[in-house]
Amino acid sequence: MAERLKAHAWKACVPSPVPWVRIPLSPRRIFSYFMKIFWKQKSVIPGFGLSLGFTLFYLSLIVLIPLAMLFVKSTTLTGPEFLEAATSPRLMAAYKLSFGASLGAASINFFCGLLVAWVLVRYDFWGKRIVDILVDLPFALPTAVAGIALTTLYAPDGLMGRLFDPLGIKTAFSPLGIVLALTFISFPFVVRTVQPVLQDLDIDMEEAAACMGAGRIKTFFYIILPALFPALTTGFALAFARALGEYGSVVFIAGNMPMRTEIVPLLIITKLEQYDTAGATAIGVVMLVCSFLLLFLINGLQGWGEKRNHDPEKL
Amino acid sequence: MIRKNFNIFPTSLYPSVVSERKEIRLILTFLALGIVFFVLILPLLTVFAGAFNEGFVRYIQSLFTPENLSAIRLTLTVAAISIPLNVIFGISAAWAIAKFEFFGKRFLISLIDLPFSVSPVVSGLVFVLLFGSQGLLGSFLNAHDIKIIFAVPGIVITTVFVTFPFVARELIPLMQAQGNEEEEASLTLGASGWQTFFLVTLPNIRWGMLYGVILLNARAMGEFGAVSVVSGHIQGLTTTMPLQVEILYNEYNFIGAFSVASLLGLLALATLVLKALVEWKTHSK
């Protein structure tokens, strides 16, 4: 970098009438050479300035400035005020519920997703294509529709609720119902992250394991599971992140009883309805920071998975 | 490769030495089908069962009320505005990212994906903070009598935010994989930049673009959390179809709620089928 910079700095001099005197660097040239170093263009393709300019403009207008507002607004609160708004007892109960239910849903999907991905990749059966297409249903079905459907199903007089009611298990309007709704909306993540990895898995090692006398269960735990592990954890984290922010499907089935079945996004809406913008902002900041942390974690996990897939030595 | 299989026992696609016994295969497949049935299919069936609970006539009656029709109209409007905006953005972002090298590219890609990792309610909240009466632009908007929050513009801009990455994240890897050769050939043969784009690039990316638009449309029409924060729930004016479902459900008008929901369920099924068709089309090429 330093050498290139030096070469460019030499060339960047303003041409002078006397060749042995160099007039250094006009600002315009500094800028244009700076652009050349950092945004190195060797391409004949036009439209770099236009497309990048529009992209950055639109990105700032729609995403960056609105999201920055959340932090700008939160600075109007003093530290203690912020802490009080973000850690009230009602909110602490909601954090506990949101994290617990999301963790539960992601764990259920960890196992169910692995099973469904396994069956879809390894076996052939009638209707397999339909099942494969249907896995994406939670992405396509609006969350509110999923919410009312699940509530109707699991309400005490519903088709599924009727089965659980005599056992004394309350499904709808309880934390269990929230876990059910979150399981539905985060179902595709583990399947869709594990499926391609399982598809590309080399069966040589499994064959070797079988030749050396390992049973299928042993092969699964020693050969297949370690290879799938990065994809599984990525899917788990994606499902968890999605479940944590989910609102539409949960509000119907939760019953929304304070301290018992209120999730964090619901409390933001409650605060807004009470015109407590500052309180809503404080919760919003906590949630946004959580999603940023999860985003970093997921990026790291994906990097780990890619490194492992491309580098069999590191297995 | 389509393998016809009418055997009731799931067959293995792998050599027998690395496959499970027949009984285990059967158990695993039935477990997976059971999960798919109870988690995915049963809720979908409930939607249609709820809609047709009291017969077809009642379904039609409760579907075509003036409020529902205006909700359908608003939903279509919102989708019709957010699709072209985000398609233009997606193409522009993919062009900049796939065709050129510049500093901070990976960071830009993760910024584009940002709206996916933000909770829908927080997405709605940021626009309330920006345009609401206590927000940054609130007093300015009040003075000029412009309504954004609790009005249609707020719903549109929130939907645009929520569906922002769909087209871009389909097109960026696609255009990166296709490389620059075709465009360079076209340009050296004397085509202008726009000619190259419309005649060379666009036909190459049209299936990827369509795929993104299908997903974007499903999300734009179905978004609930974010839109619910900024809409104000004024029936007939600022309710989209998912919000109308909520209002009807909370009024204990279950037939009405499920009849609107059945339209959204059909939309979801159409989305899945179209998506599968596009996937099949691009794989067979």
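Among the numbered criteria (1) under 26 Å from B:Leu111 (Cα atoms); (2) open to solvent by 50 Å² or more (accessible area, probe 1.4 Å), which one does A:Thr87 miss?
(1)
Here's the yes/no breakdown for (1) facing chain A (nearest Cβ under 8 Å); (2) among the hydrophobic types (A, V, I, L, M, F, W, C):
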residue	(1), (2)
B:Val122	yes, yes
B:Leu125	yes, yes
B:Val128	yes, yes
B:Gly132	yes, no
B:Gly135	yes, no
B:Ser139	no, no
B:Ile146	no, yes
B:Thr163	no, no
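Given the criteria more than 9 Å from chain A (Cβ to nearest Cβ), open to solvent by 10 Å² or more (accessible area, probe 1.4 Å) and assigned to a helix (DSSP H, G or I), does B:Thr282 qualify?
yes
Evaluate the following for A:Leu267: is it touching a Lys or Arg at 6+ places or on another chain (Cβ under 8 Å), open to solvent by less than 50 Å² (accessible area, probe 1.4 Å) and modelled with pLDDT of 90 or more?
So A:Leu267 fits the description; yes.
Has region B:65-85 got at least one residue that is among the small types (Gly, Ala, Ser) and touching a strand residue (DSSP E or B) at 6+ places or on another chain (Cβ under 8 Å)?
no
Run A:Glu246 past the list (1) at the interface with another protein chain (Cβ under 8 Å from one of its Cβ atoms); (2) open to solvent by 40 Å² or more (accessible area, probe 1.4 Å); (3) of a type in the set (Asp, Glu) and report the number of the one that doesn't hold.
(2)
Give A:Leu198, A:Leu159 a once-over and let me know the one that is modelled with pLDDT under 95, assigned to a helix (DSSP H, G or I) and out of contact with any Pro (no Cβ under 9 Å at 6 or more places or on another chain).
Only one candidate passes the filter, namely A:Leu198.
Please go through region B:270-285 and give me each residue that is among the hydrophobic types (A, V, I, L, M, F, W, C) and touching a residue at least 60 places away in the same chain (Cβ under 8 Å), ordered by number.
Across region B:270-285, the qualifying residues are B:Leu274, B:Val278.
(1) more than 11 Å from chain B (Cβ to nearest Cβ); (2) within 25 Å of the chain's Cα centre (by Cα); (3) over 17 Å from A:Asn109 (Cβ atoms): which one isn't true of A:Leu266, the others all being true?
(1) is the only condition that A:Leu266 fails.
Got a sec? Which of A:Thr261, A:Thr233, A:Thr277 is of a type outside the set (A, V, I, L, M) and facing chain B (nearest Cβ under 8 Å)?
A:Thr277
Being within 19 Å of the chain's Cα centre (by Cα) and of a type outside the set (D, E, K, R) is true for just one of B:Gly208, B:Gly179, B:Gly190. Which residue is that?
Selected residue: B:Gly208, the only one of B:Gly208, B:Gly179, B:Gly190 that is within 19 Å of the chain's Cα centre (by Cα) and of a type outside the set (D, E, K, R).
Could you tell me which numbered condition B:Ala220 fails, if it satisfies all but one of (1) under 24 Å from B:Ser119 (Cβ atoms); (2) open to solvent by 20 Å² or more (accessible area, probe 1.4 Å); (3) modelled with pLDDT of 95 or more?
(2)
Looking at B:Ile234 and the list (1) touching a helix residue (DSSP H, G or I) at 6+ places or on another chain (Cβ under 7 Å); (2) farther than 30 Å from A:Arg129 by Cα, which single condition is not satisfied?
If we test B:Ile234 against (1) touching a helix residue (DSSP H, G or I) at 6+ places or on another chain (Cβ under 7 Å); (2) farther than 30 Å from A:Arg129 by Cα, just (1) comes out false.
Looking at this structure, is B:Tyr252 in a helix (DSSP H, G or I) and open to solvent by 10 Å² or more (accessible area, probe 1.4 Å)?
no
I'm trying to understand the selection: among the residues of region A:55-88, which are without any contact (Cβ under 8 Å) to a residue 60 or more places away in the chain and more than 10 Å from chain B (Cβ to nearest Cβ)?
Correct list: A:Thr75, A:Thr78, A:Gly79, A:Pro80, A:Leu83, A:Glu84, A:Thr87, A:Ser88.
Yes/no matrix, rows are residues, columns are (1) of a type in the set (Val, Ile, Thr); (2) facing chain B (nearest Cβ under 9 Å); (3) assigned to a helix (DSSP H, G or I):
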residue	(1), (2), (3)
A:Ser102	no, no, yes
A:Phe111	no, no, yes
A:Leu120	no, yes, yes
A:Asp132	no, yes, yes
A:Phe139	no, yes, yes
A:Ala144	no, yes, yes
A:Thr151	yes, yes, yes
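Filter region B:223-249 down to residues that are open to solvent by 10 Å² or more (accessible area, probe 1.4 Å) and farther than 21 Å from A:Val250 by Cβ, then give me how many there are.
Looking only at that region, the number is 5.
Name the residue, out of B:Leu202, B:Leu174, B:Leu215, that is within 9 Å of another protein chain (Cβ to nearest Cβ) and either at pLDDT 90 or above or closer than 30 Å to B:Ala49 by Cβ (or both).
The unique qualifying residue is B:Leu215.
Hey, can you tell me all the residues within region B:36-59 that are more than 25 Å from A:Ser186 (Cβ to Cβ) and open to solvent by less than 60 Å² (accessible area, probe 1.4 Å)?
Within region B:36-59, B:Ala51, B:Gly55, B:Tyr59 qualify.
The values are calculated or read from the model by the stated rules, or taken from the named source; none is laboratory data. This structure is a prediction, so every number in the text was calculated from the model and none was measured. We place every Cβ from the backbone using ideal geometry, glycine too, and count neighbours over all the protein chains shown. All accessible areas refer to the heavy atoms of the entire protein, side chains included, with ligands and DNA or RNA removed. Shrake-Rupley method; radii C 1.70, N 1.55, O 1.52, S 1.80 Å.
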